[in-house]
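The values are calculated or read from the model by the stated rules, or taken from the named source; none is laboratory data. Please read these numbers as outputs of a predicted model, since none were measured by experiment. Note: ideal-geometry Cβ built from the backbone for every residue, glycine included; neighbour counts use all protein chains shown. For the accessible areas, the whole protein counts, side chains as well, though only heavy atoms, and no ligand, DNA or RNA atoms are used. Shrake-Rupley method; radii C 1.70, N 1.55, O 1.52, S 1.80 Å.
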Amino acid sequence: MTGTAWGGALLVVGDVVTDVVARRRGPLAPGTDTAAAIRTLPGGAGANVACWAACRGGGEVRLLGRVGADAAAWHERELAARGVRPLLVVDEQAPTGTVICLVDEDAAGERTFLTDSGASLRLGPGDWSDALLDGAAWLHLSGYLLFSGPSRALVSVALEAARARGVPVSLDPASAGFLARWGVDRFLTLVEGVDVLLPSRDEACLLTGVSDTADAAARLSRRVPLVVAKQGAEGALLARSGEVCARVPAVRAVPRDTTGAGDAFTGAFLAALLAGADPEQAAREGCGAGARAVERTGGRPPALG
């Protein structure tokens with residue numbers, strides 16, 4: 001889908017990793033073999049968001065990330081094939097991050113991740129230049145950046161640079177598991193100044209300590225101007241100024257692999273906003289992209305052309 005030309009580029013800063021996706025039926029068999037269909041695919045939450053934004057179309061999408069020399073050329077090709085301008089820093093000391101995605105076909109494609117972040121969390125302030133924002137209309141930050149010292153420092157530098165230029169900033173918390181270990185209060189302090197927060201249901205509830213997604217989103221919207229809570233098969237809800245302002249239903253799909261569904265939502269949502277859609281309409285486009293994502297293996301849209 002294409003749309004109105006954007007007023008500037010979308011700059012995504014985040015993780016680029018190699019996904020090893022293992023799709024299986026039935027329980028894992030400890031101590032012996034479990035049959036699975038296994039594929040090696042490009043992934044990473046930040047990279048996936050960029051690809052889905054470019055898939056939606058309308059303007060330039062840039063991606064700043066860090067990869068190992070072992071897979072840099074492959075990742076650049078895969079990003080470019082999906083319309084993303086890769087701005088990858090090649091790390092000569094650490095390998096590209098790798099995620100093992102265990103997908104249970106008997107549980108609607110639900111996935112469990114085993115994550116070795118590798119070079120992606122070595123992205124730091126030295127990799128940033130304010131020139132990255134030249135011609136940019138929006139900055140999106142992957143929450144995985146918050147889980148290491150160097151990349152947290154980069155987030156602070158990027159936020160300051162974006163605020164100085166009046167560029168809106170969005171952030172996806174990325175991982176309830178990492179958030180719980182790192183600390184909710186630290187997260188909420190660091191993201192002050194973000195314009196749009198895009199948590200999953202679990203992340204929103206963790207960040208507020210409540211069990212109801214609507215209540216959690218409403219509470220978060222007292223800190224962040226717009227909160228878009230992603231609820232998978234229940235769609236999404238939007239909150240502003242302490243109140244839920246819209247509920248958007250999911251698009252029906254037959255799940256094959258839920259890896260990257262939230263990234264697909266985020267990428268399409270941001271692209272739609274940049275094309276002039278209001279947040280509710282952008283969320284509808286996000287739900288559509290999420291539905292297409294779960295019907296594919298891996299976290300990316302197909303290559304262009």
Which trypsin sites (Lys or Arg not before Pro) does the stretch 155-247 hold that lie in a coil by DSSP with at most 14 other beta carbons within 10 Å? Arg222
Using alpha carbon centroids, what distance separates the stretch 96-156 and the stretch 63-87, in Å? 13
Give me the 1.4 Å probe accessible area per residue for the stretch 38-166, excluding ligands and nucleic acids, in Å². 39
Using a Förster radius of 22 Å, what is the FRET efficiency between Val20 and Val90 based on their Cβ-Cβ separation? Nearest 0.05, please. 0.55
Please compute the contact order of the stretch 7-117 in relative form: average sequence separation of alpha-carbon pairs under 8 Å and at least six residues apart, divided by the residue count, as a percent. 32
Extension length gain for Ala29 and Asp212 (0.36 nm per residue less Cα distance), in nm, is 62.4 nm
For Ala37, put the label point 7 Å out on the Cα→Cβ axis and report which residues of the stretch 104-144 keep their amide N under 13 Å from it. 104-106, 109
Would you indicate which of (1) 0.94; (2) 1.01; (3) 1.38 is the value of Rg/Rh (Cα atoms, Kirkwood Rh) derived from the coordinates of this structure? (1)
Which value, in debye to the nearest 20, gives the size of the charge dipole of the stretch 236-305 about its Cα centre, when Lys and Arg are +1 and Asp and Glu are -1 at the Cβ? 200
Using 0.36 nm times the number of residues separating Ala164 and Ala303, minus their current alpha carbon distance, what extension gain do you get? 46.5 nm
Write out the GluC sites (Glu not before Pro) in the stretch 200-305 meeting two conditions: DSSP loop, and at most 15 other Cβ atoms within 10 Å of their Cβ. Glu295
Distance in nm between Arg223 and Asp70 label points, each 7 Å along Cα→Cβ, equals 3.6
Centre separation in Å (Cα based) which lies between the stretch 177-201 and the stretch 249-294: 21
Using DSSP, restrict attention to beta bridges with both residues in the stretch 170-305 and report what percent are antiparallel, rounded to the nearest 5. 65
Quick check: from the Cα gyration tensor, does the stretch 148-305 come out rounded (a/c under 1.5), prolate or oblate? rounded
Tally up the carbon and sulfur contribution to the accessible surface of the chain as a whole percent, 1.4 Å probe, everything protein left in place. 50
What percent antiparallel are the DSSP beta bridges of the chain, to the nearest 5? 40
Relative contact order (percent) for the chain, with alpha-carbon contacts under 8 angstrom and 6 or more residues of separation? 19
DSSP H helices in the chain with Cα extent of 18 Å or more along the helix axis and mean Kyte-Doolittle hydropathy at least 1.0? 261-274
